[in-house]
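Student: Just passing along the structure, written as structure tokens.
The values are calculated or read from the model by the stated rules, or taken from the named source; none is laboratory data. Quantities reported herein were computed from a predicted structural model and do not represent experimental measurements. In this analysis, Cβ positions are derived from the backbone assuming ideal geometry, glycine residues included, and neighbour counts consider all displayed protein chains. For the accessible areas, the whole protein counts, side chains as well, though only heavy atoms, and no ligand, DNA or RNA atoms are used. Shrake-Rupley method; radii C 1.70, N 1.55, O 1.52, S 1.80 Å.
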Amino acid sequence: MSCNINTRRNTLGRILTALLLLASVISSGCAFFRGNYDDEFNADDVAAIKVGTSTRQDVANLLGAPERVIEANDQEIFHYYNYMVKSGTILFFSRTNVVGNDLYIFFSRDGIAQQVISGRQKPSPKMQFWPFGD
Amino acid sequence: MLQGCPLAWRRVSLNEVVQQDDVSFIIPGETKLSDIVQRLGAPSSMKATQTGSIIRYQFLDIKYFTVNLTRPLPYLVPALSAVPSDLYQFTISGGGIGTDELQIGLDRDWTVVHFSFAHHLKASHYTP
């Protein structure tokens, strides 16, 4: 009887030890990270820009100062962008996915919005750790 | 032994790859910037040229691999624990940065003049 109890205790002890080892190995090299560079574009703010009437000041009031100002084809272009990062690490494997979204607003020479270019917003990056494949 | 083991495969990807099929609608002399943005989204960058402008859709893939072959030695030869690891360390690592880019040239009316891909994805690999 006492032999059976001891055998059970030993087996239970081994299982617990194995589980603790497994947990310590798995949790020792784990890290997940998510971050942003600048805010995502607010769809309502972008929709509030009226082509043909909104001025540079109106746009700046809605979206803030642009990240860059480009001059092309006699037009001034406000360029806004943001980036989203997701990163996963498990043991030896690590993968970081970054997705950027851009917004361009074209102005005429007299500073009136002519075109708003945002297109479809790219999907949020995937949280992955496996660095192989696509 | 696994904790802090200097064996690693790391990868960083920026944006999605634009495929050849995705740009089959582009016809030089006809397609406008607004048509492109409708299908592909806003470009990653825009630059003025003397004849118009160039827009770019950029994808980046970075792969890196490293292994420290001498790391287990102190477990086999305990005396090595007293020696700074820099003196016997042997690390193999390698990697590369691959870019894939769609470049579209536009004239002063924002109409496509030319478009082309720059493929350098093979530069991204784990092998040292």
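Student: Condition test on residue A:53, is it more than 8 Å from chain B (Cβ to nearest Cβ) and among the β-branched types (Val, Ile, Thr)?
Tutor: Values: more than 8 Å from chain B (Cβ to nearest Cβ): yes; among the β-branched types (Val, Ile, Thr): yes.
In short, yes.
Student: Further, regarding this structure: Could you grab me the full set of residues in the range B:41-57 that are within 9 Å of chain A (Cβ to nearest Cβ) and free of Cβ contacts under 8 Å to residues at least 40 places away in the same chain?
Tutor: B:41, B:42, B:44, B:45, B:46, B:47, B:48
Student: For the range A:70-134, please list each of the strands (runs of 3 or more DSSP E) lying entirely inside it that holds at least 3 residues being closer than 24 Å to residue A:46 by Cβ and facing chain B (nearest Cβ under 9 Å).
Tutor: On the way: elements: A:75-90, A:93-107, A:113-117.
Those strands (runs of 3 or more DSSP E) span A:75-90, A:93-107.
Residues are listed down the side, and each one gets a yes or a no for (1) within 25 Å of residue B:51 (Cα to Cα); (2) surrounded by fewer than 19 Cβ atoms within 10 Å (Cβ to Cβ); (3) touching a strand residue (DSSP E or B) at 6+ places or on another chain (Cβ under 9 Å); (4) free of Cβ contacts under 8 Å to residues at least 40 places away in the same chain:
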| site | (1), (2), (3), (4) |
| --- | --- |
| A:46 | no, yes, yes, no |
| A:55 | no, yes, yes, no |
| A:87 | no, no, yes, no |
| A:123 | no, yes, yes, yes |
| A:130 | no, yes, yes, yes |
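Student: A further question on this structure: In the range B:5-35, how many are under 14 Å from residue B:101 (Cα atoms), more than 9 Å from chain A (Cβ to nearest Cβ) and polar (S, T, N, Q)?
Tutor: Within the range B:5-35, residues that are under 14 Å from residue B:101 (Cα atoms), more than 9 Å from chain A (Cβ to nearest Cβ) and polar (S, T, N, Q) number 2.
Student: To continue, here is another question. Considering each residue of the range B:70-96, count those that are at pLDDT below 85, closer than 20 Å to residue A:94 by Cβ and either of a type in the set (A, V, I, L, M) or in contact with a His (Cβ under 6 Å, 6 or more places away or on another chain) (or both), and give that number.
Tutor: 0
Student: So, in the range B:98-128, of the ones that are open to solvent by less than 30 Å² (accessible area, probe 1.4 Å) and not in a strand (DSSP E or B), which residue ends up modelled with the highest pLDDT?
Tutor: Only one residue tops the list, namely B:110.
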